[in-house]
Protein chains: 2
Amino acid sequence: MCELLGMSANVPTDIVFSFTGLMQRGGRTGPHRDGWGIGFYEGRGLRLFQDPAASSESQVAQLVQRYPIKSEVVIGHIRQANVGRVCLANTHPFVREMWGQNWCFAHNGQLAGFAPLPGFYRPVGDTDSEAAFCDLLNRLRQAFPEPVPVPVQAMLPVLVAACAQYREKGVFNALLSNGDWLFCFCSTKLVYITRRAPFGPARLKDVDISVDFHAETTPNDVVTVIATEPLTDNEAWQPYGAGQWALWCQGECAAQGASECGTTE
Amino acid sequence: MCELLGMSANVPTDIVFSFTGLMQRGGRTGPHRDGWGIGFYEGRGLRLFQDPAASSESQVAQLVQRYPIKSEVVIGHIRQANVGRVCLANTHPFVREMWGQNWCFAHNGQLAGFAPLPGFYRPVGDTDSEAAFCDLLNRLRQAFPEPVPVPVQAMLPVLVAACAQYREKGVFNALLSNGDWLFCFCSTKLVYITRRAPFGPARLKDVDISVDFHAETTPNDVVTVIATEPLTDNEAWQPYGAGQWALWCQGECAAQGASECGTTE
């Protein structure tokens, strides 16, 4: 399958530490050799790095690990291909402009027999993940004509209902953002941790690197990291249950709930 | 203003040589310090590197200069801001998905009093360039409902008419691609060169670097490079006239013409 990485923070924060851990799983400590990608929101812009090469060997991944890009919202992904061959067009995260905002999406899982109605947004590659992302945006556009953009609280019922439907077709762990917030949906496997004062040390599971967040942060910083599996081995990551979703804004949980449909409950 | 760089080739070709020349003009030999970007088509995917930092100092630009990404269509840009502040969201090239294809656009010039009707595609940043790109795509979608995608020959009259209108509002030198072809429009300044066998040496104007294309190519290679100003000083770059446009496919000119409207003729 794949692994997800998300971050929501109340100050521009670099994700080099978590990203370095995740990248090891792209061919070194994990089997996700079929590409990787990461999108950093920077104001209204989105800085996207992607490579269909294994992250543990990618020159672009090495650059991103050396280059402390500070962002309040990040979505990353490493891929072990199931649907769709290994190529750039099938590499997450996927991006579309909607309502003058950059929307970014990454998915872990597989959807069986997923054939959404063609709409305005269409997949460029041939993954079920990009098809689901396009379908999600098509549903939002249809549900919310002008005036746009729509407050995220109004969108949540549409978002959650769509995710619950996708989940009925297989496994749908996903991250979605428009730069203002980070939405996550758990179908089978997703964990999170919120780091805030007093900050302590953290040690990566996949490579011998530690960081003392106390030295890197201010007392008001709040940083939430979401991942498929815990990235550190000395912190208490919280698991999401099947069907649970959450909306993160500036590192804090702004809304959460559980969808009632789904065949795996 | 800004400078454009485009490439159309019949084999995957790296643009490191031309890109290295252009990057010098982003703060070293030229004043275009306000960001740079380059998009490489790779199959149906598009690899985009952007930075609002000066290209002559950008770590990401250094990576791209070291990293011979091979592509058949490339669009690059260095920016000297006039409309819109210096930030990632205002950095060219701009990308949108239309009809399941990645469309990529870069613009040199400035449009006065440009306020297109809001449509499906909306600018994320606040440049006249991105507004023109969105308007261009909105016109194409409106002109060509299903079935899509449309052959480029059918689209050309709409494309050229739109560019001619933009040109009436100021300066509109532009590059546009969907990955299959490269379209260029000249309002004031655009040059091109087609390199084919017998290949010879080329020497950059902006930095002491030469390349012997004979050693780097096969006899069947055809590579066209389009730029705002010639990038080499020992080759004969061909200038486009005001209002001229061309469509390049696999390094060869597939169609060309001159628009008749425009206030500068």
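Please treat every number below as a calculation from the coordinates, not as lab data. Everything numeric here is computed off the predicted structure, so don't read it as measured data. Here the Cβ positions follow ideal geometry from the backbone for every residue, glycine too, while neighbour counts run over all protein chains shown.
Miscellaneous remarks
- Using a Förster distance of 51 Å, the FRET efficiency for B:A258-A:N82 (Cβ separation, nearest 0.05): 0.50
- For B:A154, inter-copy label distances in nm, listed shortest first [label point 7 Å out on the Cα-Cβ vector]: 3.7
- Span-like helix check, chain B: qualifying full DSSP H segments, with Cα axial length of 15 Å or more and mean Kyte-Doolittle of 0.0 or more, are B:152-167.
- Computed on the Cα trace of segment A:19-175, the radius of gyration divided by the Kirkwood hydrodynamic radius gives Rg/Rh = 0.97.
- Residue-level result for chain A: its Cβ closest to the axis carrying A onto B, with that distance in Å, is A:L63, 2.
- The modelled label-to-label distance between A:F120 and A:V152, using points 7 Å beyond Cα along the C-beta direction, is 2.1 nm.
- Burial ordering of A:I38, A:I209, A:I15, B:I69, fewest other beta-carbon atoms within 10 Å first: A:I209, B:I69, A:I15, A:I38
- Test item: B:41-50 mean partner chain Cβ contacts at 10 Å: 6
- For chain A, diffusion coefficient by Stokes-Einstein and Kirkwood Rh (Cα), 20 °C, 1.002 mPa s, µm²/s: 117
- Segment A:A161-A:A215, length gained on full extension (0.36 nm per residue, minus Cα span): 15.2 nm
- 222 nm mean residue ellipticity, helices alone, for chain A (DSSP H n ≥ 4; -39,500 (n - 2.57); rounded to 500): -6000 deg cm²/dmol
- Kirkwood hydrodynamic radius (C-alpha pairs) into Stokes-Einstein, segment A:138-233, 10 °C and 1.306 mPa s, D in µm²/s: 98
- Residues A:C186, A:C2 arranged by fewest to most Cβ contacts within 10 Å: A:C2, A:C186
- Calculated P(r) of the protein assembly as shown - Cα pairs past 34 Å, %: 37
- Semi-axes of the equivalent ellipsoid for segment B:35-74, Cα gyration tensor, largest first, Å: 20, 11, 6
- Ratio of Rg to Rh over segment A:38-112 (Cα coordinates, Kirkwood Rh, two decimals): 0.97
- Between B:P149, B:P230, B:P239, the Gaussian network model of chain B with springs among Cα atoms under 10 angstrom shows the greatest mean-square fluctuation at B:P149.
- Check: segment B:12-134 dipole with +1 on Lys, Arg Cβ and -1 on Asp, Glu Cβ, in debye: 140
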